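Student: Here you go, one structure.
The values are calculated or read from the model by the stated rules, or taken from the named source; none is laboratory data. Quick caveat: nothing in here was measured; it's all calculated off a predicted structure. Don't worry about glycine lacking a Cβ; one is built from the backbone with ideal geometry, like all the others, and counts go over all protein chains shown.
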Amino acid sequence: MIWRVLRRSGRNTTPPWPRPSPRRLSPAGPPELEAGATFRNPDSGESMPEQNPAASPLKPVAYAGSFGTVPASGFLGTEEAFAKTGRNTGNLAFHAALAGCIAEPCIAVGFRFDPATIRETYRAICIPAANFLYSRFDFSDLAGRLEKAGLPVVIAGLGAQAGRSVEEVKLKPGTERLLRVLAEHCRTIAVRGDFTAQVLEHYGVTNYEVLGCPSNFLNPDPGLGQGIAQRLAGPMERWAFVPTFYDRLANFEMRLFRRISPMVEEIICQEPLAAVALARGDRDEALEAWFDGPGFQKYVPKPDRTAFRHRLRSYFGVEPWIEAYRRLDVVVGTRIHGVNLGWQSGRPALIFPHDLRTRELAEIMGLPVMATTDAGRETIAKDIVDTIGPYAERFDAVRASLATRFGAMLERAGLTPSERLKRIAAGPV
């Protein structure tokens, strides 16, 4: 298994903050966690014993994230399960990955932790981040709690959200304060790419390093790219499509979908809630109205909607998501985490970057990309497969370098890189 999650007996498992509003616009925020859930890195072959963290000779890490799954999701209503992902199932990818990069045990504490308890019980605070640096977000509460806790902080995958330029990122005072706190309490702030680095420079923060997303280190095989390159010689018949369902991308996503539709077996729904609900089999008139709302699905003719709906899929755990991808041949789309999970499953995958946040991640991690303007070509399916090959051949060296630097970042923070991360850093044999 990629991870093992255990619930600490006797602990209150009530989510540590209110359910996020359904009007949340981005995948950046924290999911609803079960406080006290414990992750023990599987590289050690051991499970985490039930103990008082404060009584341990070596204090554990306070983990402000989930461990890549929504426990008992099959017994939850869709809205509740969706809220526990942070209102985007793609968040599960980097939440699972960062915990797996750290050898020390991690205990979920949520974002609304008590600073005094954290300071007494834990050795450091670890935050799996996304596009926190967005003009509409206010992280003043988290900034205050981190400041009061006074512990070393490790944050990875920090990104900025904008369409075309740094000037679009105008942070609220609370989020700017978070940047100052991170600059003070992190030895190194691990950011997604060069665009986010420019945003930090703009705000006077210089102790950062461009390391991509920790989801790059989910698959422990140091020869991952080599294996993908070899698969390209076989049939490329069964595809997954990972769209955003953003209305501004509706024309592009529909053009691409029409070209690859004969091969598409799964349409992956990370958000919005209505798409996820339909993918899970929920049925009511309000959900059916989604077909007439924003997104490329509005172009699906009414007689074809039932067949379209039958291809919708949504996953509430990284392991079942990757397992589903393994039965397919190609994963392509506009969502970076949904596509990257295809790559991490050992399958050829390609991203169409549609903004700076997706482009910077794909570029730093060496993932295959194509321009959105190419989507209408009659040969697009063949072109996608042809494009992936050169990326796969050089991927392993790129990832090994990133893993080496990521491990060094953890060591500077006083943490131990996991055996998985060390194996990736060693590169293919």
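Student: Restricting the search to the stretch 279-312, which residues are surrounded by 14 or more Cβ atoms within 10 Å (Cβ to Cβ), farther than 21 Å from Asp247 by Cβ and not acidic (Asp, Glu)?
Tutor: Arg280
Student: Suppose we filter Ala156, Ala130, Ala162 for residues that are at pLDDT below 95 and more than 18 Å from Arg87 (Cα to Cα); which single one remains?
Tutor: Just one listed residue meets the conditions, Ala162.
Student: Among the residues of the stretch 328-336, is any among the hydroxyl-bearing types (Ser, Thr, Tyr), crowded, with 23+ Cβ neighbours inside 10 Å and either more than 21 Å from Asn91 (Cα to Cα) or within 15 Å of the chain's Cα centre (by Cα) (or both)?
Tutor: Taking every residue of the stretch 328-336 in turn, at least one turns out to be among the hydroxyl-bearing types (Ser, Thr, Tyr), crowded, with 23+ Cβ neighbours inside 10 Å and either more than 21 Å from Asn91 (Cα to Cα) or within 15 Å of the chain's Cα centre (by Cα) (or both).
Student: Something else now. Do we find that Ile364 is in the same structural domain as Ala233 (by TED's automatic domain parsing) and over 22 Å from Ala233 (Cβ atoms) in this structure?
Tutor: Yes; evaluated as a whole, the condition is true for this residue.
Student: Looking only at the stretch 204-241, count how many residues are within 22 Å of Gly68 (Cβ to Cβ) and in a loop (DSSP other than H, G, I, E, B).
Tutor: 8
Student: Taking the stretch 212-245 on its own, how many of its residues are under 13 Å from Ile424 (Cβ atoms) and in contact with a strand residue (DSSP E or B) (Cβ under 6 Å, 6 or more places away or on another chain)?
Tutor: Of the residues in the stretch 212-245, 1 are under 13 Å from Ile424 (Cβ atoms) and in contact with a strand residue (DSSP E or B) (Cβ under 6 Å, 6 or more places away or on another chain).
Student: Just a yes or no: is a residue in the stretch 118-125 within 21 Å of Gly414 (Cβ to Cβ) and under 20 Å from the mean Cα position of the chain (by Cα)? Outline the logic, then answer.
Tutor: Step one: filter the stretch 118-125 for residues within 21 Å of Gly414 (Cβ to Cβ), giving 118-125.
Narrowing the set further to residues that are under 20 Å from the mean Cα position of the chain (by Cα) leaves 125.
Taking every residue of the stretch 118-125 in turn, at least one turns out to be within 21 Å of Gly414 (Cβ to Cβ) and under 20 Å from the mean Cα position of the chain (by Cα).
Student: What pairs come up if the first residue lies in the stretch 286-301 and is more than 19 Å from Arg258 (Cβ to Cβ), the second is surrounded by 17 or more Cβ atoms within 10 Å (Cβ to Cβ) and of a type in the set (Gly, Ala, Ser), and their beta carbons are under 6 Å apart, counting only those six or more places apart or on different chains?
Tutor: Pairs found: Leu287/Ala274; Leu287/Ala277; Trp290/Ala274.
Student: Any idea which residue in the stretch 368-389 is surrounded by the most Cβ atoms within 10 Å (Cβ to Cβ), counting only those that are without any contact (Cβ under 8 Å) to a residue 24 or more places away in the chain and either more than 22 Å from Ala229 (Cβ to Cβ) or not assigned by TED's automatic domain parsing to the domain that holds Gly346 (or both)?
Tutor: Thr373
Student: Now a separate question. Among the candidates Pro262, Pro235, which residue alone is farther than 22 Å from Gly90 by Cα, in contact (Cβ under 8 Å) with a residue 60 or more places away in the chain and surrounded by fewer than 21 Cβ atoms within 10 Å (Cβ to Cβ)?
Tutor: None of the other options fit; the residue is Pro235.
Student: Which of the residues that make up the stretch 265-278 are acidic (Asp, Glu) and either surrounded by fewer than 17 Cβ atoms within 10 Å (Cβ to Cβ) or touching a strand residue (DSSP E or B) at 6+ places or on another chain (Cβ under 7 Å) (or both)?
Tutor: Correct list: Glu265, Glu266.
Student: Going through the stretch 242-254 one residue at a time, which ones are in a helix (DSSP H, G or I), buried (at least 18 other Cβ atoms within 10 Å of the Cβ) and not aliphatic (A, V, I, L, M)?
Tutor: First pass over the stretch 242-254, keeping only residues in a helix (DSSP H, G or I): 247-254.
Remaining after also requiring buried (at least 18 other Cβ atoms within 10 Å of the Cβ): 249-250, 252-254.
Result: Phe252, Glu253.
Student: Across the stretch 302-327, which residue is farthest from Ile228 (Cα to Cα) among those that are in contact (Cβ under 8 Å) with a residue 40 or more places away in the chain and among the hydrophobic types (A, V, I, L, M, F, W, C)?
Tutor: Top of the filtered list is Phe308.
Student: Return only the number of the condition from (1) part of a loop (DSSP other than H, G, I, E, B); (2) buried (at least 22 other Cβ atoms within 10 Å of the Cβ) that Ile127 does not satisfy.
Tutor: All conditions are met except number (1).
Student: For residues in the stretch 133-144 being surrounded by fewer than 20 Cβ atoms within 10 Å (Cβ to Cβ) and either within 22 Å of Pro105 (Cα to Cα) or of a type in the set (Gly, Ala, Ser) (or both), which is modelled with the lowest pLDDT?
Tutor: Looking at residues that are surrounded by fewer than 20 Cβ atoms within 10 Å (Cβ to Cβ) and either within 22 Å of Pro105 (Cα to Cα) or of a type in the set (Gly, Ala, Ser) (or both), I get Ser135.
Student: Here is a follow-up. Is one or more of the residues making up the stretch 347-356 assigned to a helix (DSSP H, G or I) and over 20 Å from Leu256 (Cα atoms)?
Tutor: yes
Student: Six or more apart or on different chains, Cβ under 9 Å: which pairs go from a residue in the stretch 183-205 that's more than 20 Å from Ile125 (Cα to Cα) to one that's β-branched (Val, Ile, Thr) and assigned to a strand (DSSP E or B)? Could you list them?
Tutor: These pairs meet every condition: Gly193/Val210; Asp194/Val210; Thr196/Val210; Ala197/Val191; Ala197/Val210; Val199/Val191; Leu200/Ile189; Leu200/Val191.
Student: If we keep just the residues of the stretch 96-117 that are part of a strand (DSSP E or B) and more than 21 Å from Gly212 (Cβ to Cβ), which is farthest from the chain's Cα centre (by Cα)?
Tutor: Here the residue is Ile107.
Student: Sort through Phe217, Phe195 and tell me the only one that's of a type in the set (Phe, Trp, Tyr), surrounded by 16 or more Cβ atoms within 10 Å (Cβ to Cβ) and closer than 18 Å to Arg405 by Cβ.
Tutor: Phe217
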